Amino acid sequence: MQLQCIQYIKHNQFRETNMVNWKSTDREYTPIQSTKTRNKAMLAQSLRAEGISVQGISTMLNLSKSRIYEYLRKDFIAPNKD
């Protein structure tokens, strides 16, 4: 299943977004530094847009359902700063 996810990442282009995490110690959103985390989040968003269930995505990516829900939240992607 993970091999299929890796192949999906390689064959699909993802747009660059400002993905953020809540940093509770500073009480602010900070950009995600890890490319691996950004790729997982973009993959989860793409799979969900194709109609795959959260349970299915969590199984494919070997992540918890709550992590997938975090990746799918609208505030996970920060608006572009102009």
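The values are calculated or read from the model by the stated rules, or taken from the named source; none is laboratory data. Everything quoted here is computed from the prediction, not taken from an experiment. Neighbour counts are summed over all protein chains in view; Cβ atoms, including those assigned to glycine, are modelled from backbone coordinates with ideal geometry.
Within region 23-59, being charged (D, E, K, R) and in a strand (DSSP E or B) holds for Lys23, Glu28.
Evaluated against (1) at pLDDT 80 or above; (2) surrounded by fewer than 14 Cβ atoms within 10 Å (Cβ to Cβ); (3) not polar (S, T, N, Q), His11 falls short on exactly one condition, (1). Restricting attention to region 19-41 and to residues that are over 18 Å from Ser66 (Cβ atoms) and surrounded by 13 or more Cβ atoms within 10 Å (Cβ to Cβ), the residue that is modelled with the highest pLDDT turns out to be Asn39.
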